[in-house]
Amino acid sequence: MLDAVLEQARKNDAKSVTVVKLRIGALAGVVMEALEFAWEAVSSDTIAAGSRLDVEHVPVTCYCSQCQREFESRAYSYRCPVCGGLSNDLRRGRELDLISIEVT
């Protein structure tokens, strides 16, 4: 992630990176405290030092083929809250995306 951020910053002749915007799904396996600690450590000697991580958290969303509607999964239950059918169609929740960076 740092390499991608620094590459984009260089392409835009940035002096510093102030904000890194991310989209992270509930099933991405990211521990936010660890990510923030790691970001601070790896970016410390770069133009991204001191930048803030702005994270959009994405809940687990499934699709019920019986009801033909999406629903937000609760506590890792993939059962439709309307009909009780079991969904095997995970629509959102695995994201780990770099959305944008803010630079000066």
Round to the nearest 10 and give me the degree value, 0 to 90, for the angle of helix 32-43's Cα axis relative to the longest principal axis of the chain.
20
Within region 89-104, what residues put their amide N at less than 20 Å from the label point 7 Å along the Cα-to-Cβ vector of Lys11?
96-104
Dividing the alpha-carbon Rg of the chain by 2.2 N^0.38 Å yields what?
1.39
With each pseudo-label sitting 7 Å past Cα toward Cβ, what's the Leu35-Ala49 distance in nm, one decimal?
2.4
For Cys62, what is the net charge nearby, where nearby means another residue's Cβ is under 13 Å from its Cβ and Lys, Arg count +1, Asp, Glu -1?
+3
Evaluate the relative contact order of region 13-103 (contact order divided by residue number), counting alpha-carbon pairs under 8 angstrom at least 6 apart; express in whole percent.
43
Surrounding net charge for Val19, when Lys and Arg each add one and Asp and Glu each subtract one, Cβ distance under 11 Å:
0
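Quick note: the coordinates plus some simple rules give every number you see, no bench work behind them. Every value quoted in this text rests on a predicted model; they were computed, and no experiment measured them. FYI the Cβ positions are ideal-geometry reconstructions off the backbone, even for glycines, and counts take in every protein chain you see.
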